[in-house]
Amino acid sequence: MTPGPLVDSQARLRRRMQVIDAVRRFFALQDYLEVETPLRIPAPAPEPHIDPQPAGDWFLQASPELCMKRLLAAGWPRIFQICKCFRAGERGRRHLPELTMLEWYTAGQDYRHMMTQCEDLITFATRALNLPPRLIYQGREIDLTPPWPRISVAEAFRRHAGEDMQRALAEDRFDELMGISIEPRLGWSQPVILYDYPAALGALARRKAGQPELAERFELYIGGLELCNAFSELTDPREQRQRFETAVAERRRAGKATLPMPEPFLRDLRHMPPATGNAMGLDRLVMLFCDADAIDQVVAFTPEKL
């Protein structure tokens, strides 16, 4: 075996370690508590397009979201976690069925605060890695210096797809246009924050005041990579139950397995304060800092090698 591929792999895994270390230091300096919640849970959040991985009579978590929100409800105001998440059937250049997630929550804040915090986190990690603010990714220079452009989803549909966002959603073309016409164009000169998604696409997000057809949700794109999904949290247990019941019905119509209702979460939700939360794909963040075009290049093992 020639040493090249092995050396490249070791360098990327070392960079992965450095990124994770930088993330932990960022949150420690911000007085966040690192937590661990169970990987195996009895009832995940029912979502139409995410299939949890069964583990006996329970499931491997697709996200630590429900458990972490219960900690918020119990009075833990600033928490973060780096953990494994599992999503059945997800495999591609940017997807693994077992992924590493960075998830964090801040009580008393909303998604606007989280947008700024994303800028601060990426800036901190860039400096910790001794990288210049102008990053080269896939042969193109990306200026990571904040503030970053913030574009509404409706504007992105008009600008990049020439379509009306709500009409695309009604005609079931939203995901297609996002994947083909919009996402590949985002975040190449600077990172882009795409915000205010249709309320139907924010199952656990708070509706926007004065515009209930929208959810206070955003995603961050750098070099065409979707790095995170964040929002102002929904804290109304009655509305949350209704949304979960709608998701269960959608799964049933699609012929997917029916999931149990996460009753302990819904019970505790009435005690949860206003908050914002973020789920960031750590593997994809490492891809960015390694100039890698496939997720396979930044993990020690892919499923096919096991």
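The values are calculated or read from the model by the stated rules, or taken from the named source; none is laboratory data. Just so it is clear, the structure is predicted and the values come from calculations on it, not from any experiment. Please note: Cβ atoms are built from the backbone with ideal geometry, for glycine as well, and neighbour counts cover all protein chains shown.
Here are some residues: 112, 70, 78, 12. Which one is touching a Leu at 6+ places or on another chain (Cβ under 7 Å), of a type in the set (D, E, K, R) and surrounded by 13 or more Cβ atoms within 10 Å (Cβ to Cβ)? Walk me through how you get there before you give the answer.
On the way: 112 fails: touching a Leu at 6+ places or on another chain (Cβ under 7 Å); 70 fails: touching a Leu at 6+ places or on another chain (Cβ under 7 Å); 12 fails: touching a Leu at 6+ places or on another chain (Cβ under 7 Å).
Going through 112, 70, 78, 12 in turn, just one is touching a Leu at 6+ places or on another chain (Cβ under 7 Å), of a type in the set (D, E, K, R) and surrounded by 13 or more Cβ atoms within 10 Å (Cβ to Cβ): 78.
The numbered conditions (1) touching a Pro at 6+ places or on another chain (Cβ under 6 Å); (2) under 21 Å from residue 179 (Cα atoms) are all true for residue 295 except (1).
Residues in the range 103-123 that are outside any helix (DSSP H, G or I) and acidic (Asp, Glu): how many? Walk me through how you get there before you give the answer.
Let us first name the residues in the range 103-123 that are outside any helix (DSSP H, G or I), namely 103-110.
Remaining after also requiring acidic (Asp, Glu): 103, 110.
Here the count works out to 2.
Criterion applied to 100, 126 was being closer than 30 Å to residue 291 by Cα, assigned to a helix (DSSP H, G or I), touching a residue at least 12 places away in the same chain (Cβ under 8 Å) and not aliphatic (A, V, I, L, M), and the one residue passing it is 126.
Test residue 233 against the criterion of being under 30 Å from residue 149 (Cβ atoms) and of a type in the set (D, E, K, R), and give yes or no. Taking the combined requirement at face value, the residue satisfies it. Within the range 109-118, can one find any residue that is at negative phi, under 14 Å from the mean Cα position of the chain (by Cα) and among the aromatic types (Phe, Trp, Tyr)? Yes, some residue in the range 109-118 is at negative phi, under 14 Å from the mean Cα position of the chain (by Cα) and among the aromatic types (Phe, Trp, Tyr).
Scanning the range 279-303 for residues that are under 26 Å from residue 231 (Cα atoms) and in contact with an Asp or Glu (Cβ under 7 Å, 6 or more places away or on another chain) turns up 279, 295.
Residue count for the range 251-306 under the criterion of being in contact with a Leu (Cβ under 6 Å, 6 or more places away or on another chain) and within 21 Å of residue 71 (Cα to Cα): the result is 5. Could you check residue 184 against (1) under 19 Å from the mean Cα position of the chain (by Cα); (2) surrounded by 19 or more Cβ atoms within 10 Å (Cβ to Cβ) and say which number it fails? So residue 184 meets the others, but not (2). Can you confirm whether residue 217 is surrounded by 19 or more Cβ atoms within 10 Å (Cβ to Cβ) and either in contact (Cβ under 8 Å) with a residue 40 or more places away in the chain or assigned to a helix (DSSP H, G or I) (or both)? It is true that residue 217 is surrounded by 19 or more Cβ atoms within 10 Å (Cβ to Cβ) and either in contact (Cβ under 8 Å) with a residue 40 or more places away in the chain or assigned to a helix (DSSP H, G or I) (or both). A single entry from 82, 50, 20 fulfils the requirement of being at pLDDT 95 or above, outside any helix (DSSP H, G or I), among the hydrophobic types (A, V, I, L, M, F, W, C) and closer than 27 Å to residue 288 by Cα: 82.
Within the set 185, 267, the sole residue that is basic (Lys, Arg) and either under 30 Å from residue 285 (Cβ atoms) or at pLDDT below 95 (or both) turns out to be 185. Pairing each residue of the range 227-245 that is touching a residue at least 60 places away in the same chain (Cβ under 8 Å) with any residue that is among the β-branched types (Val, Ile, Thr), provided the two are 6+ apart or on different chains, yields C-beta distances under 6 Å for 232/276.
Only one of the numbered conditions (1) closer than 27 Å to residue 209 by Cα; (2) over 16 Å from the mean Cα position of the chain (by Cα) is violated by residue 25, and that is (1). Exactly one residue out of 107, 55, 73 is more than 27 Å from residue 148 (Cβ to Cβ) and in contact with a helix residue (DSSP H, G or I) (Cβ under 9 Å, 6 or more places away or on another chain): that is 73.
Can you spot a residue in the range 280-290 that is more than 21 Å from the chain's Cα centre (by Cα) and either more than 21 Å from residue 99 (Cβ to Cβ) or assigned to a helix (DSSP H, G or I) (or both)?
To start, the set of residues in the range 280-290 that are more than 21 Å from the chain's Cα centre (by Cα) comprises none.
No, the range 280-290 contains no residue that is more than 21 Å from the chain's Cα centre (by Cα) and either more than 21 Å from residue 99 (Cβ to Cβ) or assigned to a helix (DSSP H, G or I) (or both).
Restricting 301, 218 to those that are modelled with pLDDT under 95 and among the aromatic types (Phe, Trp, Tyr) reduces the list to 301.
Which of the residues spanning the range 271-306 are farther than 19 Å from residue 205 by Cβ and of a type in the set (Gly, Ala, Ser)? Scanning the range 271-306 gives 292, 294, 300.
Inspect the range 158-165 for any residue being closer than 26 Å to residue 20 by Cα, of a type outside the set (Val, Ile, Thr) and not in a loop (DSSP other than H, G, I, E, B) and give the result as yes or no. No, the range 158-165 has no match at all.
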